[in-house]
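In what follows, a structure is listed as structure tokens, so that the remarks can point back to it.
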């Protein structure tokens, strides 16, 4: 089972859907142009791929800037991702805090797997500010716990930067990425997620992004809210 998307426990508004991670500027480098181009990597058609070449999806415009999913490269991105995972607010939901090799093992398992899950950095105007996992929910152990359909695509999200906190970016980017999935995966009729029910800001972010609450799930590692964004309803929400 993949870990849940993570946002911190609410400190004020119950809809505060981004993380308060105090990272120094040198830990958040701007991605060079070549990192935003298609490269030899899972998700780009050069290796196992069950998610329609995420690296080739390109940037899209959002009110916050140009957003792009960039498949992770361990040698470059691990320190940044591991730093985010060690924030206490994240550790409560992702359970990957501790030594950097714990995060590395989790990420490499996806990169060296069969292509059913692609870990990505989310970049706004070239600056990495979030971590995503886009995965085939119908091929994931999650499918044992809900009535999965072929090509159901799941999302996990971690928002990482303190400047992005409290601006509703989690909600906006969840809608953006769900639209990217539906635009580039014609066989996918639904985007799904299973945030921890205790993580009220995360659940609220998904609902604000046009996902509908469908059920509570008893998963091996948590009690989750099953939320779904349907292709047929996307223009109505």
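Quick note: the coordinates plus some simple rules give every number you see, no bench work behind them. Bear in mind the structure is a predicted one, so any value in this text is a computation, not a measurement. Cβ: placed from backbone, ideal geometry, glycine included. Neighbour counts: every protein chain shown.
The residues of the range 51-75 that are over 16 Å from residue 188 (Cβ atoms) and assigned to a strand (DSSP E or B), listed by number, are 60, 61, 62, 65, 66, 67, 68, 70, 71.
How many of the residues in the range 184-216 are out of contact with any strand residue (DSSP E or B) (no Cβ under 9 Å at 6 or more places or on another chain) and either under 15 Å from residue 134 (Cβ atoms) or surrounded by 21 or more Cβ atoms within 10 Å (Cβ to Cβ) (or both)?
3
Of all residues in the range 131-155, those that are at positive phi have Cβ atoms under 8 Å from Cβ atoms of residues that are surrounded by fewer than 18 Cβ atoms within 10 Å (Cβ to Cβ), 6 or more apart or on another chain, in 151/187; 151/189.
If the condition is being in a helix (DSSP H, G or I), closer than 17 Å to residue 133 by Cβ and touching a helix residue (DSSP H, G or I) at 6+ places or on another chain (Cβ under 6 Å), then the range 95-104 contributes 103, 104. Selection of the range 217-227 for residues being under 27 Å from residue 49 (Cα atoms) and in contact with a strand residue (DSSP E or B) (Cβ under 6 Å, 6 or more places away or on another chain) yields 226, 227. Does the range 226-235 contain any residue that is surrounded by 20 or more Cβ atoms within 10 Å (Cβ to Cβ), within 25 Å of residue 97 (Cα to Cα) and touching a helix residue (DSSP H, G or I) at 6+ places or on another chain (Cβ under 6 Å)? There is no residue in the range 226-235 that is surrounded by 20 or more Cβ atoms within 10 Å (Cβ to Cβ), within 25 Å of residue 97 (Cα to Cα) and touching a helix residue (DSSP H, G or I) at 6+ places or on another chain (Cβ under 6 Å).
Each residue in the range 143-162 was checked for being in contact with a helix residue (DSSP H, G or I) (Cβ under 8 Å, 6 or more places away or on another chain) and assigned to a strand (DSSP E or B), and 6 of them qualify.
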